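Q: Could you have a look at this structure, given as structure tokens, before my questions?
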Amino acid sequence: MEKEEWESDAFYRILEQLGGHPLSIVLTACQLVPGIVLGDLIERIEVYKAKAIAVKDITDRDSEHGESLVASLASSYDRLSENAQTLLGILSLLPAGAEEEMLTEIFGNTAWECIQELNAASLVEIRGHRRATLLPPVRLFAMSITSEEIRAHYGPKIVEVLKEYTEK
């Protein structure tokens, strides 16, 4: 970000628009790439805020705060590859997250590559020995947008893989 942007009204406007929520700020900051200026992000957040998905109890604060968070999540989600979007949906079905080996069994060889894309967008946390988990607000968002197609296709695979793990 240019020094002029730090000192501009746009900087304070975007912080106000994001409601001061740390996750919203991180998600939006990850979208600052070469060629994107704060004005572009402000417009993007306004668009997503206008069509914010009603995600129940995503935050324990007021609804405007929740709308800002959902707008940041939706904007980040929209920039993901199709595979990373699918994997986010799969992770929403795994409340405790999953290690690389399990994700590979469920999704295939590109699972960890997609996890890295999700991590770069601050949508997933990588813990311990390559275990991917979702923060509660991200999981609530992901659960709300995960299609029935993803649930129907990957749900049985998840159950099968979890059954194998419990039998070991």
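Q: Can you show me the helix-derived [θ] at 222 nm for the chain, built from DSSP H runs with n ≥ 4 at -39,500 (n - 2.57) apiece and divided by the number of residues, rounded to the nearest 500.
A: -19500 deg cm²/dmol
Q: Right, here's the next one. Which of the aspartates and glutamates could be linked to Lys157 by a straight reach, that is with a Cα gap under 12 Å, when you skip same-chain ones fewer than 8 residues away?
A: Glu105
Q: Here's a follow-up. Glu7 versus Lys168, label points 7 Å from Cα toward the beta carbon: distance in nm?
A: Result for the modelled spin labels: 5.7 nm.
Q: So what is the accessible area of the chain per residue, in Å², with the probe set to 1.4 Å?
A: 56 Å²
The values are calculated or read from the model by the stated rules, or taken from the named source; none is laboratory data. This one's a predicted model, so the numbers in the text were calculated from it and none came from an experiment. Don't worry about glycine lacking a Cβ; one is built from the backbone with ideal geometry, like all the others, and counts go over all protein chains shown. The protein model used for the area step is the full one, side chains on, heavy atoms only, and it has no ligands, DNA or RNA in it. Shrake-Rupley method; radii C 1.70, N 1.55, O 1.52, S 1.80 Å.
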